[in-house]
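Contents: one structure, followed by commentary.
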């Protein structure tokens, strides 16, 4: 059975308020992907991860821990756990992914750096000031905590002179582009997904790919941000044959996230249904969201192969 919803939301909200992320990461872990890239510190155009990809192995570990504790006598003590968490970050003890697991997700922002450079885009990074966007708090309705955190993120942008943000994932994109302007006064940051930037540049691939790929549209990209054509254009120009599954584009089927942190069984059922739709279209599938990748690839097991779109694009355009 799932852990008490109120307590789980409370722990995540407390973490965001006290530690700047729903699952706090050390600066060393959060910025590991920047090593050796020679990224500029600061500037008016920033590549912004929102820590989404870096957080996924920790979220996955937390969900596994929730399932384990939910089926044990410890479930009744989650209220006490929340009180303890306000003093000591207990989530750090519940999810400890290996360096190899973290490296899988760190590779995505690394891919994006190479792609943007190949496209001739000048940009920097915020390193330890690249804060979580507050997406999960928004999804779970923790509005007061979200507002406080959004102001914190905006203050960083102002301090560092940021005018344009290039985002990597759908959730950070929609938070910074569609949610923040509604809740923050004086917010005037231009926000663009790296997929939009690359598509606009009209890059020519340096290596042609082949094969059929089922494309899984992110609910957030397709429904809220109108990002549907760009990933298809980039893949098709690189020689990939796109196979749209049942429920695609703005009608895409959810991968199960972000409710996996509250209702893991329901999230898994959604993911399994989506995998079946994708498998019927092609043996390989591409995702463009870290939540979609982890939920769908976990549900698929060895029945089909999943890759983040940045992996395809880097191979084709920046190899």
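Comparison of 232, 223 shows that the only residue that is free of Cβ contacts under 8 Å to residues at least 40 places away in the same chain and either touching a strand residue (DSSP E or B) at 6+ places or on another chain (Cβ under 7 Å) or outside the structural domain of residue 306 (by TED's automatic domain parsing) (or both) is 232. Entry remark, region 210-230: residues being part of a helix (DSSP H, G or I), crowded, with 17+ Cβ neighbours inside 10 Å and more than 17 Å from the chain's Cα centre (by Cα) number 1 in total. Would you please name the residue that is surrounded by the fewest Cβ atoms within 10 Å (Cβ to Cβ), looking only at residues in region 186-199 that are without any contact (Cβ under 8 Å) to a residue 40 or more places away in the chain and more than 17 Å from the chain's Cα centre (by Cα)? This residue is 186.
Of the candidates 211, 202, the single residue that is without any contact (Cβ under 8 Å) to a residue 12 or more places away in the chain and over 28 Å from residue 150 (Cα atoms) is 202. On the basis of being out of contact with any strand residue (DSSP E or B) (no Cβ under 8 Å at 6 or more places or on another chain) and either assigned to a helix (DSSP H, G or I) or within 20 Å of residue 187 (Cβ to Cβ) (or both), does residue 116 make the cut? Criteria not met by residue 116. Within region 306-319, the set of residues being surrounded by fewer than 24 Cβ atoms within 10 Å (Cβ to Cβ), over 16 Å from the mean Cα position of the chain (by Cα) and at pLDDT 95 or above comprises 312, 314, 315, 316, 317, 318. Only one of the listed residues (203, 288, 207) is in contact with a helix residue (DSSP H, G or I) (Cβ under 6 Å, 6 or more places away or on another chain), farther than 19 Å from residue 169 by Cβ and buried (at least 19 other Cβ atoms within 10 Å of the Cβ). That residue is 203.
Table: residues versus (1) modelled with pLDDT of 95 or more; (2) in a helix (DSSP H, G or I); (3) assigned by TED's automatic domain parsing to the domain that holds residue 254.
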{"site": "132", "(1), (2), (3)": "no, no, no"}
{"site": "138", "(1), (2), (3)": "no, yes, no"}
{"site": "148", "(1), (2), (3)": "no, yes, no"}
{"site": "179", "(1), (2), (3)": "yes, yes, no"}
{"site": "192", "(1), (2), (3)": "yes, no, no"}
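The values are calculated or read from the model by the stated rules, or taken from the named source; none is laboratory data. For clarity, every value in this text was computed on a predicted model and none was experimentally measured. Reconstructed Cβ throughout: ideal geometry from the backbone, glycine too, with neighbour counts over all protein chains shown.
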